[in-house]
1. Could you please give the count of residues in region 568-589 that are polar (S, T, N, Q) and touching a Leu at 6+ places or on another chain (Cβ under 9 Å)?
2. Among the candidates Pro568, Pro555, Pro586, Pro596, which residue alone is assigned by TED's automatic domain parsing to the domain that holds Asp503 and free of Cβ contacts under 8 Å to residues at least 60 places away in the same chain?
3. Which residue pairs have Cβ atoms under 7 Å apart, sit 6 or more places apart or on different chains, and have a first residue in region 412-437 that is under 21 Å from Gln390 (Cα atoms) and a second that is among the polar types (S, T, N, Q)?
4. Any residue at all in region 434-457 that is under 22 Å from Phe489 (Cα atoms), among the aromatic types (Phe, Trp, Tyr) and not in a strand (DSSP E or B)?
5. Out of all the residues in region 341-359, is one or more under 25 Å from the mean Cα position of the chain (by Cα) and within 30 Å of Ser504 (Cβ to Cβ)?
6. Within region 512-532, which residues are β-branched (Val, Ile, Thr), surrounded by 22 or more Cβ atoms within 10 Å (Cβ to Cβ) and either without any contact (Cβ under 8 Å) to a residue 60 or more places away in the chain or more than 18 Å from Leu551 (Cα to Cα) (or both)?
7. If a residue counts only when it is surrounded by fewer than 20 Cβ atoms within 10 Å (Cβ to Cβ) and touching an Asp or Glu at 6+ places or on another chain (Cβ under 9 Å), which strands (runs of 3 or more DSSP E) contained entirely in region 328-428 have at least 1 such residues?
8. Which residues, taken from region 539-548, are in contact with a strand residue (DSSP E or B) (Cβ under 8 Å, 6 or more places away or on another chain) and surrounded by fewer than 24 Cβ atoms within 10 Å (Cβ to Cβ)?
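The values are calculated or read from the model by the stated rules, or taken from the named source; none is laboratory data. This is a predicted model, so every value here is computed, not measured. Cβ sites come from the backbone with ideal geometry, for glycine too, and all protein chains shown count toward neighbours.
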Amino acid sequence: MYCPSCNTLNRDDAKFCKGCGQSLHATQAAPAEPTADATNHADVEETQSAPVDATNHVSAQPAAVETGAPEAQWPEDDPTLAPTLILSPEKMMAYHQRRWQDAREAQATPEPYASSTNIYDAPTVISEPMPMSVASEQAQNVSSSPASPLPAQDEQDAIPIPPPPPPESLVAGAKAETGAKAGTDNATDAQPEAAPADAPDQASAEHDQDDAENAGYPAMEASEPMQDSSEHISLEQAEQAAPSGDFALLATGVTLQGRYEISQVLADNPQEHVYQVIDHQGYQRCWNCSSENNAAGDDFCIDCGASLLDIPYTMHEYSAEQSQEDTPVLQGNIVNTFVDQGRTYVIEQIQAEQNTFPNGVHLLAATSSDAGNVRRSDPNEDSSLVLQLQRIHESLSSPVGVYIVADGMGGHDNGQLASRMTINVIAERMVRDLLLAPLAAEKEGTPAKAFDEEALITLLHDAIEEANTALCSVNTRDKTDMGSTLTGFMVVGEHAYIVNVGDSRTYMVRGKQLYQLTTDHSLVGQLVASGLIEPDDVYTHPQRSQIYRSLGDKPNTQIDIFKQQLHPGDILLSCCDGLWEMVRNPQIESTLNNAPDPQTACQQLIDMANTNGGEDNITAVIVYVQ
């Protein structure tokens with residue numbers, strides 16, 4: 001199957017993409033390949049749209065998407081005041097196909113089309129969760145709130161949220177001060193003094209350290225500059241270059257078995273040496289889940305999504321005279337052993353010393369909503385849900401919570417009704433199956449039904465599908481066209497299950513860094529993912545209100561659901577487009593990092609959206625993980 005994030009071809013049984021680490025559980029089906037008929041008839045197809053007032057109508061038929069399109073092609077009235085429009089995937093494909101045909105005929109193919117790979121021959125493009133500090137610098141000027149400088153445009157690549165790093169004790173020796181390192185004199189003396197000409201190598205080492213931090217693993221402070229990977233020293237070469245001795249210490253940069261590169265010497269004993277090593281063939285065994293199903297070239301584990309690049313381990317080296325009885329018992333997990341040049345080597349992964357949440361997960365949640373400045377006199381078509389049960393038994397907190405934002409569409413009272421129905425149906429199902437069922441089982445003295453990951457995802461999916469079915473039934477009965485976008489998350493224990501349908505968004509703050517977890521199911525979202533427009537254009541593009549997925553549009557709508565591991569200090573935000581279109585990502589990040597509690601953060605974000613225009617209803621749900 002193809003990864004919807006990076007278009008990498010994976011095996012059919014893969015759970016995570018080997019190229020980017022994103023989950024494949026909710027992989028979107030590849031859109032049907034456009035046919036000639038779709039191209040020829042694209043001009044006569046009409047896009048579905050919610051009923052709108054005649055004085056406030058935006059044409060649902062897509063026009064040219066270039067930012068420099070003539071003004072006369074767009075509606076004269078303000079498109080931001082129009083209801084959200086529904087654009088089916090088929091019509092969106094036909095629209096792009098027609099535009100590509102026009103571009104070919106004009107012999108003016110833009111750069112994004114120069115690739116030989118047609119993006120519409122692949123699954124729907126989904127952006128990876130992006131740290132918002134790499135958003136464009138123009139985004140910082142919307143609000144007066146201070147924001148940190150942003151990197152250059154060529155550094156603004158989307159990166160996934162780092163998976164849980166290896167245990168800190170695994171890299172504790174790498175963080176020790178130089179003075180505390182035992183037995184490194186021999187290795188240090190063996191290294192020539194760095195000359196000024198070696199400055200580029202030092203810069204390369206610093207760049208490698210930055211890459212390690214971005215990948216979610218602590219960077220190691222080696223006592224000597226790392227050698228270039230293309231010049232690794234083999235054990236045989238090291239033996240020839242090392243001073244004469246029965247059990248000489250290996251220098252940093254030596255690579256054993258073509259796999260384990262020594263990055264630091266941790267201990268030097270008469271019959272045992274301890275090193276910090278980097279595994280350059282991490283695909284052979286995943287450090288996180290121990291999977292051996294990966295292959296050479298896989299950057300991420302296909303079973304758990306953890307990064308497989310340059311994983312640190314501890315390596316014990318024993319001399320040939322070391323007897324089996326004298327070999328100490330290691331406390332960590334032994335992942336590999338081998339013999340080379342008469343010496344025995346043991347690769348050890350230190351186990352975590354304590355749980356991430358020793359007292360369980362504690363959640364602090366809040367929600368708030370406002371009609372917005374422009375639509376103050378109209379009903380607020382947004383609805384939100386905070387449904388939380390937090391019990392503490394034997395000093396261990398086990399929370400269960402559902403947090404949803406629904407943005408209604410349809411004009412008049414239909415949008416208000418759509419969001420209310422969506423919230424009510426989901427709340428009823430979750431209270432009955434997720435909250436009351438375990439409580440009733442405990443009351444009767446019977447074991448409560450255990451929810452595994454598959455059961456939780458099925459429950460969340462079915463609850464949202466019930467809401468979609470209810471909206472479709474009312475539309476069929478009353479001849480209406482109401483609908484609702486939906487975003488949010490369900491928290492069970494140490495994991496959050498993110499859900500999204502439409503162009504509302506869910507964000508996460510981790511380590512003071514803002515990430516967008518969900519993908520906008522909108523025309524401009526696909527244009528950004530395809531590289532046809534810049535990310536900042538989504539805030540001003542005339543067709544930004546057109547979406548291709550919503551509840552109430554059709555039965556069996558596709559729902560994005562994926563799992564996210566939680567850590568202490570994480571902050572989760574779900575909001576409608578009325579918030580994120582008015583408040584840019586740097587200001588969202590600053591507010592969430594500095595607000596003392598979630599209720600204050602909600603109000604500050606709503607006030608900021610109104611200050612910046614308040615063109616739509618504004619709703620936010622925020623959860624602090626402690």
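1. Keep residues of region 568-589 that are polar (S, T, N, Q), which gives 574, 585, 587.
Add one more test, that the residue is touching a Leu at 6+ places or on another chain (Cβ under 9 Å), and what stays is 585, 587.
Residues that pass the stated criteria total 2.
2. Numbers: Pro568 fails: free of Cβ contacts under 8 Å to residues at least 60 places away in the same chain; Pro555 fails: free of Cβ contacts under 8 Å to residues at least 60 places away in the same chain; Pro586 fails: free of Cβ contacts under 8 Å to residues at least 60 places away in the same chain.
Unique residue meeting the criteria: Pro596.
3. Short answer, once both residue conditions are applied: Ile423/Ser383.
4. Yes, the conditions are met somewhere in region 434-457.
5. There is at least one residue in region 341-359 that is under 25 Å from the mean Cα position of the chain (by Cα) and within 30 Å of Ser504 (Cβ to Cβ).
6. Kept after step one, since they are β-branched (Val, Ile, Thr), are these residues of region 512-532: 518-519, 524, 528.
If we keep only those that are surrounded by 22 or more Cβ atoms within 10 Å (Cβ to Cβ) as well, we get 518-519, 524.
The answer is Thr518, Val524.
7. Working: elements: 333-340, 343-349, 363-370, 382-393, 396-409.
Answer list for region 328-428: 333-340, 343-349, 363-370.
8. As a first pass, look at region 539-548 and keep what is in contact with a strand residue (DSSP E or B) (Cβ under 8 Å, 6 or more places away or on another chain): 544-548.
Selection gives Arg544 alone.
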